[in-house]
Amino acid sequence: MGSTDRNVSEDSGLKTHQEVLFGDARSISSIDVDSIDLVVTSPPYPMIEMWDSPFSAMNQEVGKELAAGRGKIAFELMHLELDKVWRECFRLLRPGAIACINIGDAVRTVNGDFQMYPNHGRIVSGMAAVGFTPLPDIIWRKPTNSPTKFMGSGMLPAGAYVTYEHEYILVFKKGLKRTFKNAAEKENRHMSAFFWEERNRWFSDVWADLVGSTQGLDEEETRSRSAAFPFELAFRLISMYSTYGDTVLDPFLGTGTTLAGALAAGRNGIGVEIDHGFSAIIERTIQDALPMGEQRVRSRLSEHVEFVRTRQEAGSVISHWNGYYGFPVISGQEKEIRLFRPSRLSKIGSGQFEIDYEEARMKDETQPISFSPSRGSKMDNGTLW
């Protein structure tokens with residue numbers, strides 16, 4: 001099992017396959033070794049109380065140590081279980097592939113002792129021990145509406161504590177830098193490129209423009225065990241670190257957000273989830289990703305058109321040109337960008353979905369946006385399909 005079609009076909013267009021596997025991510029036998037191009041996931045957070053029960057189910061010693069008030073030992077035991085998943089990810093990823101892990105640190109009082117449990121630091125060391133190379137990470141600054149954000153002794157020193165309002169997106173690489181060996185892979189890479197302004201926003205080390213995911217979970221227990229990240233987080237990471245037709249794995253699928261991002265971005269997706277209670281919401285998430293993906297493609301094109309128009313009105317001359325869309329781009333690496341919008345979803349089996357795509361075009365191809373790169377002319381108003 002792995003990527004079904006790594007390249008975009010000029011004749012048939014793009015087609016992806018999304019698959020849900022119910023099982024334990026510590027042992028994934030149904031996926032081929034070296035077949036995954038990207039991992040995007042958010043595991044259960046050690047030392048967050050809502051995850052005590054799942055970790056105790058993985059290792060009974062976790063519950064015993066928590067009951068005895070030995071938080072540091074319980075913390076390490078939880079991460080030892082996550083280490084087993086990271087080893088599986090390393091085994092399944094192709095050389096040069098990337099793994100992105102969304103994780104937050106925990107603050108908790110155990111046996112009367114309040115402290116921080118540094119999940120992100122422990123995962124960095126655990127991933128390095130497995131064989132991954134750490135890359136620059138991202139701080140996801142999460143907005144809060146709480147009027148009382150302080151912790152501890154309020155306004156009195158020295159028992160007041162910093163309030164945590166951020167999480168981490170840790171980024172790792174397996175082996176050396178990924179290579180694109182033949183003409184088809186190189187062409188696909190160029191078509192999968194992102195716009196210059198997207199690059200500047202996406203590859204910042206602080207993301208403050210994302211909000212948490214709204215979930216439609218029904219059963220109380222299932223709802224309490226979900227901590228889904230936003231669709232945009234998954235879509236952005238998948239667009240940053242993979243190309244059309246690649247295969248993305250989420251070993252902690254949860255509500256299915258990673259598969260939604262893969263579908264919207266034109267990538268294959270495989271999600272592993274241990275809890276069958278998420279089955280219905282995962283399927284709804286995948287179905288909802290079709291209109292979300294189409295809208296995301298529309299917004300990428302319209303935002304770029306507006307970016308160029310604003311830049312030109314300020315007097316900038318843009319010297320590169322994307323002939324497919326008939327609009328200017330900042331760099332030569334954007335000249336071959338092509339976007340694909342999901343157009344049809346078919347359920348082909350239990351937990352298996354196939355998605356067809358159409359090439360996203362401007363509304364009237366016979367009247368492209370008027371622009372002359374050499375003279376720096378202004379763009380006329382452009383409309384999308």
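Once amide H atoms are built 1.01 Å from N in the peptide plane, which residues 5 or more positions from residue 45, or in another chain, come under 5 Å H to H?
Result for residue 45 returns nothing.
Sorting check: for 131-138, 154-161, 103-110, which peptide has the highest mean count of neighbouring beta carbons within 10 Å, and how do the rest follow?
103-110, 131-138, 154-161
Classify region 62-160: rounded, prolate or oblate, from the alpha-carbon gyration tensor (a ≥ b ≥ c, eigenvalue square roots; a/c under 1.5 rounded; otherwise prolate if a/b is larger than b/c)?
oblate
Can you compute the modelled spin-label distance between residue 313 and residue 200, with each label point 7 Å from Cα toward Cβ, in nm?
In this crude label model, residue 313 to residue 200 measures out at 1.6 nm.
Quick one: net charge around residue 70, please, counting Lys, Arg +1 and Asp, Glu -1 for every other residue with C-beta under 14 Å from its C-beta.
Neighbourhood net charge equals -2.
Of 142/173; 64/142; 181/347, which ones are farther than 30 Å apart at the Cα?
Those over the limit are 64/142; 181/347.
Quick one: which residues, 5 or more positions from residue 117 or on another chain, have an amide H under 5 Å from its amide H? H modelled 1.01 Å from N in the peptide plane, none for Pro or chain starts.
106, 107, 108
Report the charge-dipole magnitude of region 37-151 in Debye, nearest 20, computed about the Cα centre from +1 at each Lys and Arg Cβ and -1 at each Asp and Glu Cβ.
The dipole of region 37-151 has a size of about 200 debye.
To the nearest 0.05, what FRET efficiency results for residue 350 and residue 111 with a Förster distance of 35 Å applied to their C-beta separation?
0.15
Let me make sure I get this right: for region 304-366, a, b and c are the square roots of the gyration tensor eigenvalues over alpha carbons, sorted descending. Under 1.5 in a/c it's rounded, otherwise prolate if a/b > b/c, else oblate. Which is it?
Verdict is prolate for region 304-366.
Read-outs: derived from the displayed coordinates by stated rules, not from any lab. Note that the structure is a prediction, hence the values are computed from the model and not measured. Ideal geometry is used to build each Cβ from the backbone, glycine not excepted, and the neighbour counts take in all protein chains shown.
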